[in-house]
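This report refers to the structure that appears directly beneath it.
Only the coordinates and a few stated rules stand behind these numbers; no lab work does. If you're wondering where the values come from, they're calculated on a predicted model, not measured in any experiment. Positions of Cβ are generated from backbone atoms using ideal geometry, with glycine treated the same way; all protein chains shown enter the neighbour counts.
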Amino acid sequence: MLRYLTSGESHGQSLITIIDGIPSNIELNIEDINEELKKRQGGYGRGGRMKIEKDKINIIGGVRGKKTLGSPISFEIKNKDYENWSKYMAPMEDIYSQEKAVENVRPGHADLTGCLKYDFTDARNVLERSSARETASRVAVGAICKQVLKNFDIDFVSHVIQIGDVKDTNLYDFDFIKNNVDNSEIRCVNHNIEKDIIKKIDECKKEGDTLGGIVEIRVKNLIPGLGSYTHFDKKIDGNIAMHLMSIQAIKGVEIGLGFDVASSSGSNIMDEIVYDENGIKRKSNNLGGIEGGMTTGEELIIRCAMKPIPTLYKPLDTININTLEKYKASVERSDSCAVPACSVVCENVVAFVICKFFLEKIGGDSFIDLKNNYDSYIKRLGDRGWKE
C-alpha cells in the first residue's frame, strides 16, 4: 500500500518525508521534482519567506542510480530560515522561547485549539507544525508519484479560476491549460482577468488583508476502475476529498459540476453512454470522471476552495491564551494570497491519491510487473469495448 509520513516544523532544520510502496526500477528525475517545488513557492502575492527558501529535495534512501529500489524512499527539504531561528527552535538545547512566543492566538489558525489540546502556553509549538510550510513535503511526494504514472501517460494540470470575487467562467481544454498556466504569475490561463486579479491582490495587501480563491485540478488518460463501490473507504472520490481537505486552508472540494448538480434534473446531469469506433465513451463529463466511487476513464475534474490566509497584518480581536485577556492577534510573516501556490499543492496531492489507487488496482513490486499487469488489464478492457 502506498503511504507517506512527514515530519518537521516551519522554522525547524528541515522537512523530512518517508514514502513507502513505490515499486522498484522507476526512474526518477530530480529536476522535475525540484521544478514542482519551485512552482509551489511562486505566484503573485507570496510573502518574504519565499525569498529566503529555495526548496530542493535531497533524497536520502530508497533510490540508487536514479532508480527506485522498492524500499521506502526518504528525503529532506532543508529550511534555510532555520539559521535565523536556531536559538528558538533547537531540538535539544535551551531555547529563548519567550522572545518568539505566541500567546495572542490567531483566529482561523490552529493556535487556540492546539494549545488547549496539547496543553501548551506558547502557540509557537502549534503553528510551527500546522503551517502550510508542510505542503512542500506533499508536493515532493506527488512529484514522485507523477513519475510513476507518466509511464502510463497519466497527466496532471491545475490552474486558478477565482481569486476574491474575480472569477474565470470559461471552460478550457486540458492541453490549453497545460501550455499556458506556467506563463501566468497567478496561474490563471485567462489573461484578460489577470490584471484585475493582481490589482485585487495589491489592494488587499495595502489594507493588511488576505484573499482566498478556487483552483481546478484536471487529470487525463486515466483508466476506468480505480477505486471501488464495495466499501466507503475504497471510494476514490472520498479519498480525494479527504486528502484535499487536509491541505491547510482548504474549506471545500467538488468533483465535476459539484454543487451545481443540486440545481438541475437528473436527465441534464447524468453522462450518457455511447459505443462507437472509439469504444465505450460518455457524451458529457458532468460527474467529473467518477461514478460509484470509481474512475470512469473520462477526464478527472476537481475544484477546491481556499479560504483567505488567517494571518493578517491588520490583526483581529483575540485573547491571550494564558491570561485570557483581550488582545489583538499576533502577527507572523505571511502571504497576502497563496491561491496560485495552492493549485500546485492540490495537483500533487491528487497525484498521490491517483498513484495509490493505481498501484492497488494494477499491482506489482517492480516496474516490469506493473507494466505487464497494466497491459493485461487494458487488453481485458478492450475485449469488453473500452479503448484507451
Check your understanding: Once you charge only the Cβ atoms, +1 for Lys and Arg and -1 for Asp and Glu, what is the size of the charge dipole of the range 80-213 about its Cα centre, to the nearest 20 debye?
Key -> 160 debye
**Study point:** Percent antiparallel among DSSP beta bridges (both partners in the chain, rounded to 5)
**Key:** 95 percent
Review point. Ranked by Cβ crowding within 10 angstrom, fewest neighbours first, how are 243, 191, 159 ordered?
Key: 191, 243, 159
Practice item. Could you state, as a whole-number percent, how many of the C-alpha pairs of the chain are farther apart than 29 Å? Key: 47 percent
Review point. Counting only residues 5 or more places away or on other chains, whose amide H sits under 5 Å from the amide H of residue 297 once H atoms are built in the peptide plane?
Key: 225
Review point. Under a Cβ-Cβ cut-off of 13 Å, what is the net charge of the residues other than residue 105 that fall near it, where Lys and Arg count +1 and Asp and Glu count -1?
Key: -1
Review point. From a point 7 Å beyond the Cα of residue 384 in the direction of its Cβ, which residues of the range 331-373 have a backbone N at a distance under 15 Å?
Key: 361-362
Review point. With axes computed from alpha carbons, what is the tilt in degrees of helix 236-245 against the longest principal axis of the chain, rounded to the nearest 10 within 0 to 90?
Key: 20 degrees
**Study point:** Net charge over other residues, Cβ less than 12 angstrom from the Cβ of residue 258 (K, R count +1; D, E count -1)
**Key:** -3
Exercise for review: Rounded to whole Å and sorted largest first, list the principal axis extents of the Cα atoms in the range 1-94.
Suggested key: 41, 37, 23
Exercise for review: List, in order, the whole-Hz ³J(HN,Hα) value for each residue of the range 55-72 obtained from phi through the Karplus relation with A = 6.51, B = -1.76, C = 1.60 and θ = phi - 60°; use x for Gly and Pro.
Suggested key: 4, 9, 8, 10, 7, 9, x, x, 9, 9, x, 6, 10, 5, 9, x, 8, x
Review point. Taking Cα centroids, how far is the range 1-16 from the range 356-388 in Å?
Key: 32 Å
Check your understanding: Once you sort the root eigenvalues of the Cα gyration tensor of the range 159-266 as a ≥ b ≥ c, which label holds: rounded (a/c under 1.5), prolate (a/b larger than b/c) or oblate (the other case)?
Key -> prolate
Review point. From the phi of every residue in the range 151-162, what ³J(HN,Hα) in whole Hz does the Karplus formula 6.51 cos²θ - 1.76 cosθ + 1.60 yield, where θ is phi - 60° and glycine or proline is x?
Key: 5, 10, 6, 7, 10, 10, 7, 8, 7, 8, 10, 7
Review point. Quick one: Cα centre-to-centre distance for the range 205-252 and the range 88-163, in angstrom?
Key: 18 Å
Exercise for review: Kindly flag which residue pairs out of 251/371; 283/379; 80/100 have an alpha-carbon separation exceeding 27 Å in this structure.
Suggested key: 251/371
**Study point:** Backbone HN-Hα couplings from phi across the range 365-372 [Karplus 6.51/-1.76/1.60, Hz, Gly and Pro as x]
**Key:** 7, 10, 4, 5, 5, 4, 5, 5
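If contacts are Cα pairs under 8 angstrom and at least 6 residues apart, what is the relative contact order of the range 27-143 in percent?
Normalised by residue count, the contact order of the range 27-143 is 24 percent.
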**Study point:** Debye, to nearest 20: dipole size of the chain, +1 on Lys, Arg Cβ, -1 on Asp, Glu Cβ
**Key:** 300 debye
Exercise for review: Work out the charge dipole of the range 3-383 with +1 on the Cβ of Lys and Arg and -1 on the Cβ of Asp and Glu about the Cα centre, then indicate which of 15, 112, 213 is farthest towards its positive end.
Suggested key: 15
Check your understanding: Which of 287, 258, 269 sits farthest toward the positive end of the charge dipole of the range 247-293, with +1 on the Cβ of Lys and Arg and -1 on the Cβ of Asp and Glu?
Key -> 258
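For the chain, what does the relative contact order come out to in percent, with C-alpha contacts under 8 Å and a separation of six or more?
Working: 769 pairs, mean separation 88.2, N = 388.
Computed over the chain, the figure is 23 percent.
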